[in-house]
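The values are calculated or read from the model by the stated rules, or taken from the named source; none is laboratory data. As the structure is a prediction and not an experimental result, all values here were calculated from the model. Reconstructed Cβ throughout: ideal geometry from the backbone, glycine too, with neighbour counts over all protein chains shown. For the accessible areas, the whole protein counts, side chains as well, though only heavy atoms, and no ligand, DNA or RNA atoms are used. Shrake-Rupley method; radii C 1.70, N 1.55, O 1.52, S 1.80 Å.
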Amino acid sequence: MTAQTLPAGRATLAGVPSRRTATQVGIVVAIGVLPLLRPAGPGNTGLVDVGLVLVMLVASLWLSGHGHVVRLPYALPVTLGLIAGALGGLAAGGGLLALTQDMFLFGWAVAIANLGRSPQLLGTLLRAWALSVTGWAALLLVGVVGHLSWLSGQSGLDGSRASLTFGDPNLAANYFLCGLFVLRAARVPRRPGLRVLCCAVIVTGIVLTGSNGGLSALLIASVAGLLFRLVRTGRAAAAAVLACVLVLLGAVAVSTVDLASVAERARQSAPLLRDSIGREAESGSSRQTLVRESFSLWLQHDSPVGLGPGGTKAALLADQVPYVKEAHDDYVAAVVERGLLGGAALIALIVLVVVRSWRIGRRHALLPDFAAVIPRPELLGAAAAAVLISGLFYEVLHFRHVWALFGLIAAVELWGRRPAAERETGAAPVTAPALPPGERG
C-alpha cells in the first residue's frame, strides 16, 4: 500500500479509511442487505433494493462531484439483451418487468464498477461483503440449530433445506458461494486463523441450503482457483498436469460410481441428504424434460426472437405440456425467451467477464494500492466460474449479488491494472501516486 500521511484520527485498517463518509456508508448498507429479499413486494422487490438505490444515488453524487466520466462495463451485452427481450416481448405480448429488472441490475453493476476507481472505496466494499456474508451464514446456522424457521428459511416446500431470507435455497447457496471467494480474494479478515473460521462458517451455510448445484459449483470453482493460482505464480506446467489428473480421476469416478445407488442411500438417511443428494435424480430428470419441452416449443413457434422474457411457463401452459415451469437455467432461457440475439448477448457477457477475470488474475497485474486491498484477484475469476457453472442449474443472472460481482471484476480491471509496459517486462510495480483527498472516499 502506498505510504500516505493521514490527518490525526484517520488511522487505516487494511488500507481502508476509518472515517465514515456518505459514500462508504452507502456501500456498506447496500452490500450488507443483499440477502433481504423476503418479504417481497411487487415485481420481486425487497428491502435490499433500498440499499441498491442508495448506493446508485451516492455513486452518482460522488462521480459528479469529482468530475469523473462514468464508464459502462458490459454495456454491449446488456444492450443486446434488452433489444432481444424487447423484440421477444413484443412478439409474445409481455416482458416489460423483466427488462426493467435488467436495467436496474445493470445500474447496480455500473455503480460498483465506477466507485471502484478509488482503492479505499473498493476496500470498503470488499470488507463489507466478506464480513456481512460471514454474519449472514452465522445467522443461518443459528436458525437451523435453534429450529427458528423464520430465520433459517426452512419450509415444507423445500424440506430441511435452509434459505435464510432469500426464499430459495439455491439463491442462498449462490450468495454464500460468491461471498466466500470475495472473502478469500480480499483476505478479510487479515489474520489467517480467523479467516479460516469465517470460511468454515460460510461453507457450512452452503451445505445447509442443500443445493446440489451450489456444492458442485463450490468444488469446481475451488479447483479452478487452485489452478489459477498455479498459473499466476508461474507454475503453468504444474497446473496443466494437475488439471489432467483431476479430469482423469473425474472420468474414472463417473464410470465406476453408481450415482443411482448413492442417491437411493441418501433418500433413506438424514433429512438434509434426502432433500439434496437424494432428489438429484428427480431434479436432473425434471431439468432435462424442461429443456426438451422449451426448445421444442421455441421451434414450433418458428420465431427467431423467442418467447419473450419470462414467457416460458406461460407458453408451456398454453401448449398443455406435461411439465410446466419457468426456464431452469440461464443458457436455455437466453435462447428460448430472447431468441438468437439473446444467445449472442449471453455469449458476449460471458466473454467480457472471462477476459476481465483473466486480465486481473495475471501475475503483477495490479497497481500496489489495488493489490493491497485484493491480494488474490485470481479468486474473483474462480467466483465468476462458480456463477457460470451455477447458470447450468438455475437462472443466476437475476441475482443482485452476481451483478455486484461483475461490477467488482470490472472495477479492478478498469482502474487497478498496471501499465502494459510494466506487465510485459515484469518490472517491479511503480507506487501509484497518492490520491487527492476527494478520491480517498
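Looking at segment 59-72, can you tell me whether even one residue there is under 30 Å from G210 (Cβ atoms) and in contact (Cβ under 8 Å) with a residue 40 or more places away in the chain?
First pass over segment 59-72, keeping only residues under 30 Å from G210 (Cβ atoms): none.
Scanning segment 59-72 turns up no residue that is under 30 Å from G210 (Cβ atoms) and in contact (Cβ under 8 Å) with a residue 40 or more places away in the chain.
State the number of residues belonging to segment 96-126 that are more than 30 Å from G308 (Cβ to Cβ) and under 16 Å from the mean Cα position of the chain (by Cα). Reasoning before the result, please.
Narrowing segment 96-126 to residues more than 30 Å from G308 (Cβ to Cβ): 114-126.
Filter again for under 16 Å from the mean Cα position of the chain (by Cα), leaving 125-126.
Of the residues in segment 96-126, 2 are more than 30 Å from G308 (Cβ to Cβ) and under 16 Å from the mean Cα position of the chain (by Cα).
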### Query
Among V50, V28, V33, V58, which is more than 21 Å from V133 (Cβ to Cβ) and either β-branched (V, I, T) or in contact with a Phe, Trp or Tyr (Cβ under 8 Å, 6 or more places away or on another chain) (or both)?
V58
### Query
Which of the residues belonging to segment 38-52 are in a helix (DSSP H, G or I) and closer than 28 Å to L122 by Cα?
V48, D49, V50, G51, L52
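Check whether at least one residue in segment 173-188 is hydrophobic (A, V, I, L, M, F, W, C), within 21 Å of G26 (Cα to Cα), part of a loop (DSSP other than H, G, I, E, B) and open to solvent by less than 10 Å² (accessible area, probe 1.4 Å), and report yes or no. Walk me through it before giving the result.
Keep residues of segment 173-188 that are hydrophobic (A, V, I, L, M, F, W, C), which gives 173, 176-178, 180-183, 185-186, 188.
So of that shortlist, the ones also within 21 Å of G26 (Cα to Cα) come out as 178, 182-183, 186, 188.
Remaining after also requiring part of a loop (DSSP other than H, G, I, E, B): 188.
Subset that is open to solvent by less than 10 Å² (accessible area, probe 1.4 Å): 188.
The answer is yes, given that some residue of segment 173-188 is hydrophobic (A, V, I, L, M, F, W, C), within 21 Å of G26 (Cα to Cα), part of a loop (DSSP other than H, G, I, E, B) and open to solvent by less than 10 Å² (accessible area, probe 1.4 Å).
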## Note on the structure
Pairs returned, first residue in segment 201-222 that is closer than 17 Å to R184 by Cα, second residue that is of a type in the set (F, W, Y), beta-carbon separation under 6 angstrom, 6 or more apart or interchain, are I202/F176; G205/F176; I206/F176
### Message
Considering only residues that are open to solvent by less than 10 Å² (accessible area, probe 1.4 Å) and farther than 30 Å from D369 by Cβ, which ones fall in segment 382-412?
### Response
S390, G391, V396
### Task
Kindly indicate which of L76, L52 is in contact with a Lys or Arg (Cβ under 9 Å, 6 or more places away or on another chain) and modelled with pLDDT of 90 or more.
L52
### Query
Is at least one residue of segment 187-201 within 18 Å of the chain's Cα centre (by Cα) and among the small types (G, A, S)?
no
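For I112, state whether it is open to solvent by less than 70 Å² (accessible area, probe 1.4 Å) and part of a helix (DSSP H, G or I). Spell out how you get there, then give the answer.
Values: open to solvent by less than 70 Å² (accessible area, probe 1.4 Å): yes; part of a helix (DSSP H, G or I): yes.
When the stated conditions are applied, I112 passes them.
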### Task
List the number of the failed condition for L226; all other conditions in (1) more than 18 Å from G391 (Cβ to Cβ); (2) touching a helix residue (DSSP H, G or I) at 6+ places or on another chain (Cβ under 8 Å); (3) open to solvent by less than 60 Å² (accessible area, probe 1.4 Å); (4) not basic (K, R) hold.
(3)
#### Entry: Total residues in segment 230-252, condition over 26 Å from the mean Cα position of the chain (by Cα) and exposed (fewer than 14 other Cβ atoms within 10 Å of the Cβ)
12
### Query
So which residues in segment 53-98 are open to solvent by less than 20 Å² (accessible area, probe 1.4 Å), among the small types (G, A, S) and in a loop (DSSP other than H, G, I, E, B)?
G95
### Task
Tell me, yes or no, whether segment 195-205 has at least one residue that is in contact with a Gly (Cβ under 9 Å, 6 or more places away or on another chain), part of a loop (DSSP other than H, G, I, E, B) and open to solvent by less than 10 Å² (accessible area, probe 1.4 Å).
no
